Each structure stands twice: as C-alpha cells, then as structure tokens.
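Working notes, beginning with the structure itself.
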Amino acid sequence: MVILGLLLLGVGALAIVAGVFTSDTDAAGKASLLGIDLSPMALFLVGVAAGVCVLWGFSILKIGTKREMRARREHKKLSELSEKLDRVEAERRSDDDSN
C-alpha cells in the first residue's frame with residue numbers, strides 16, 4: 001500500500017508540475033499541456049485529477065504506514081513471547097533433568 005500511495009503521489013505531483021510549467025493558452029481560448037491541445041474544461045479536469053491523486057496518495061500512504069507499524073509491533077511482541085516460552089521450556093527441562 002505504501003508503494004501505491006507513493007506512486008499516486010508522484011503521478012499527481014508530476015501532473016501539477018507539468019500544468020504549472022508547460023501549460024499555455026492562446027487568444028482563441030485553447031489551452032495546451034505538454035504540447036497537447038486541450039479545452040479549458042479538460043485542463044481543469046486534469047488539475048482536479050492531479051489533486052485527487054495527491055490526496056489519495058497521502059491517504060493510502062498514511063493507512064499503509066499505520067498497517068506496517070502495527071504489523072511490526074505485533075511481530076516484536078510475538079518474538080518476545082516466543083523467547084519467554086523458550087526460556088520457560090528450557091528451565092522446565094533443566095528441572096526435569098535434575099530430578
């Protein structure tokens with residue numbers, strides 16, 4: 001999920017940067033983005049899509065990071081419990097051997 005979030009964030013940021021630096025309008029009201037002629041409405045929709053990609057990217061990145069942190073905490077806790085269990089079993093075996 002983190003990779004998907006970063007990918008969406010990158011696509012949105014790239015579209016915004018392209019819109020800022022390469023968009024151009026002529027006297028007839030036509031707009032161009034990266035050399036492609038677009039209507040003003042299409043250019044607006046590209047901007048909206050870029051904004052949505054950035055917002056979704058942040059959201060997915062946040063959710064994915066929380067999920068990874070939760071999984072790491074659970075793994076750490078399970079490792080600690082496993083080590084405790086191994087110690088208890090070792091003590092129990094040593095007690096059985098000494099009797």
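Taking the criterion of being surrounded by 10 or more Cβ atoms within 10 Å (Cβ to Cβ) and either within 28 Å of Leu4 (Cα to Cα) or not small (Gly, Ala, Ser) (or both), the residues of the stretch 81-99 that qualify are Leu81, Glu83, Lys84, Leu85, Asp86, Arg87, Val88, Glu89, Glu91, Arg92, Arg93. Each residue in the stretch 46-70 was checked for being among the aliphatic types (A, V, I, L, M) and surrounded by 16 or more Cβ atoms within 10 Å (Cβ to Cβ), and 5 of them qualify.
All of Ser59, Ser82 fail the test of being in a helix (DSSP H, G or I), of a type in the set (Ser, Thr, Tyr), on the phi < 0 side of the Ramachandran plot and free of Cβ contacts under 8 Å to residues at least 40 places away in the same chain, apart from Ser82. Residue-level analysis places Leu43 outside the set of residues that are free of Cβ contacts under 8 Å to residues at least 24 places away in the same chain and surrounded by 10 or more Cβ atoms within 10 Å (Cβ to Cβ).
Every number here is computed from the coordinates shown, using simple stated rules; none is lab data. Just so we're clear, the structure is a prediction, and the values are computed from it rather than from any experiment. Using ideal geometry, Cβ is built from the backbone for each residue, glycine included, and neighbour counts are taken over all protein chains shown.
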